[in-house]
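Trainee: So that we are looking at the same thing, I have put the structure below in C-alpha cells.
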Amino acid sequence: MPVPSKDRVIELVSELVQSKGYDVEDVVVTNAGKHSAVRIMVDSDAGIELDAAAEISRLVSELFDSLEEIGEAPYTLEVTSPGIDRPLTAERHWRRARGRKARIDLADETVVGRIGVLGEDSVAVVMNGRGGLTVREIPLADVQKAVVQVEFSKPSDAELELAGGIPEGRAVHTDLDESDAQVLDSEEDVDNEEGFDK
C-alpha cells in the first residue's frame with residue numbers, strides 16, 4: 001500500500017508539527033513503484049534548525065510506522081524548510097520574509113522591492129528608485145503573486161532599516177551564502193535503523 005495522499009499526510013502531521021512550534025507549509029508525496037518519498041516543508045517565525053528537523057522527522061516516522069494505512073509500505077521521509085522560491089500566500093509568509101527582496105505581481109504592474117513591516121491588510125515595500133529609497137504600502141488583496149528573489153549582494157543598512165530589519169531568529173546573509181543546514185534528508189543523514197527510510 002503506498003503512502004497516503006498529500007492532503008492526508010498534511011492532516012496526519014499538522015497537529016504534531018504545530019505542537020513543536022512549526023507550521024506545515026507544504027507536503028510532496030512521490031510514488032515510485034513500491035517505494036514512496038514524502039517531503040514535508042515546515043517553518044516558523046525563527047526558521048527551523050537541523051536538530052528540530054531531525055526531531056520532527058523522527059516523530060513523523062514513528063507516527064507513520066504506527067498507522068495501518070501506511071503499514072509496511074517502504075518510504076523515504078525528508079523534513080526541510082521551504083525554499084526561497086515559495087510563493088508568499090499567507091500573512092505569516094510576508095512576516096517571515098521581512099527584509100528580503102521580492103517580486104510582487106499586481107493587476108497592472110510588477111513591483112520589485114524589499115519586504116517591510118506587515119500591516120493589518122497591507123505590506124510595506126521598500127523601493128530603490130532614481131530618487132532614492134521610498135516606502136510603498138501595498139494592499140495584500142491587490143497581490144496576485146509574490147515570490148522572494150535571489151540576491152547576490154547584501155542590502156544596504158538604510159534599506160534594511162526602512163524594511164524594519166530582519167525578523168528575530170532569521171539569518172542575515174545573501175543567498176549565495178545560504179547552506180542547506182536547515183534541510184534534513186533522512187535518506188542521507190539519518191541512520192536507517194531509526195526508521196526514517198523504511
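What follows draws every value from the coordinates through simple rules; no lab data is involved. On a predicted model such as this, the values are computed, not experimentally measured, just so you know. Note that each Cβ is placed from the backbone with ideal geometry, even for glycine, and that neighbours are counted across all protein chains shown.
Trainee: Quick check: the distance between the Cα centres of the stretch 95-115 and the stretch 12-53, to the nearest angstrom?
Mentor: Here the two parts' Cα centres lie 26 Å apart.
Trainee: At 7 Å along Cα-to-Cβ for each site, give me the label-to-label distance between residue 105 and residue 11 in nm.
Mentor: 3.1 nm
Trainee: Still on this structure: Separation between the residue 37 and residue 137 pseudo-spin-labels, each 7 Å from Cα along Cα→Cβ, expressed in nm?
Mentor: The answer from the label model is 4.5 nm.
Trainee: Which of the trypsin sites (Lys or Arg not before Pro) found in the stretch 91-154 are in a DSSP loop and have at most 16 neighbouring Cβ atoms, other than their own, within 10 Å?
Mentor: Working: sites: 92, 95, 96, 98, 100, 101, 103, 114, 130, 136, 145; in loops: 98, 100, 130.
Sites meeting the loop and neighbour criteria: 130.
Trainee: Please find the FRET efficiency linking residue 84 to residue 62, where r is the Cβ-Cβ separation and R0 is fixed at 35 Å, and quote it to the nearest 0.05.
Mentor: FRET efficiency, residue 84 to residue 62: 0.70.
Trainee: Can you tell me how much longer the chain between residue 156 and residue 72 gets when fully stretched, taken as 0.36 nm per residue apart minus their C-alpha distance, in nm with one decimal?
Mentor: Contour length minus the Cα-Cα distance gives 24.9 nm.
Trainee: Can you list the residues, at least 5 places off or on another chain, whose amide H is less than 5 Å from the amide H of residue 123, using H built in the peptide plane?
Mentor: 138, 140
Trainee: Explain nothing, just compute: Karplus ³J(HN,Hα) = 6.51 cos²θ - 1.76 cosθ + 1.60, θ = phi - 60°, for every residue of the stretch 8-14 in order, whole Hz, x for Gly and Pro.
Mentor: 5, 5, 4, 4, 6, 9, 4
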